[in-house]
1. Suppose we keep only residues that are in contact (Cβ under 8 Å) with a residue 24 or more places away in the chain and exposed (fewer than 14 other Cβ atoms within 10 Å of the Cβ) within the stretch 79-90. Which one would you say is farthest from residue 128 (Cα to Cα)?
2. Does residue 1 qualify as being under 20 Å from residue 120 (Cα atoms) and more than 16 Å from the ligand (Cβ to nearest atom)?
3. Looking at residue 61, is it touching a strand residue (DSSP E or B) at 6+ places or on another chain (Cβ under 7 Å) and within 13 Å of the ligand (Cβ to nearest atom)?
4. I want to confirm something. Restricting to the stretch 4-44 and keeping residues that are within 16 Å of the ligand (Cβ to nearest atom) and free of Cβ contacts under 8 Å to residues at least 12 places away in the same chain, which single residue is nearest to residue 75 (Cα to Cα)?
5. Which residues, counting only those in the stretch 79-110, are closer than 19 Å to residue 3 by Cα and within 16 Å of the ligand (Cβ to nearest atom)?
Ligand SMILES: Cc1cc2nc3c(=O)[nH]c(=O)nc-3n(C[C@H](O)[C@H](O)[C@H](O)COP(=O)(O)O)c2cc1C
């Protein structure tokens, strides 16, 4: 059995929709060999990370950076997971009102330090809300889940 972990900070109705789209995408695949664990960045612990086989990170961009919640997550799990999770397949979704660059740079830098492996192109849902953001999140989560289930990642 493989475990896909979603670690998210979704403080607004739109970000909640994107998080739900990713959860539903994974659950609707009904993979026999895959379980989904979805926790907020504040709830997520090093045990969650150490027990997962792939991770999706989701954060809004606030003040040119990842949410404080996701940064707190990294602060808590960095050393407990540094040795044990090298190569962990990961994906990153950023909801940014205007930009997203600073968040992508910061998260990428930390994940490079952890030696996690990007399994999907980074998705930045940028600008005014668009309905297609949900489909983009669905596709990303489905791809990660199916790849994990099939043993591709
Ligand atoms: C305090 C605050 C700071 C923000 N800073 C940024 C920013 O630096 N870059 C950006 O692209 N969007 C920024 N935003 C917009 C948020 O990323 C966006 O509102 C958030 O992802 C939620 O998406 P929604 O407005 O569609 O619900 C900021 C929003 C708030 C409330």
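The values are calculated or read from the model by the stated rules, or taken from the named source; none is laboratory data. Just so it is clear, the structure is predicted and the values come from calculations on it, not from any experiment. Here Cβ is always computed from backbone atoms with ideal geometry, including for glycine, and neighbour counts include all displayed protein chains.
1. Among them, the one singled out is 84.
2. no
3. The answer is yes for residue 61.
4. Top of the filtered list is 16.
5. 92, 93
Rundown of residues vs (1) at pLDDT below 95; (2) part of a helix (DSSP H, G or I); (3) surrounded by 19 or more Cβ atoms within 10 Å (Cβ to Cβ), yes/no style:
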residue: 69; (1), (2), (3): no, yes, yes
residue: 72; (1), (2), (3): no, yes, no
residue: 92; (1), (2), (3): no, no, yes
residue: 99; (1), (2), (3): no, no, no
residue: 112; (1), (2), (3): no, yes, no
residue: 140; (1), (2), (3): no, yes, yes
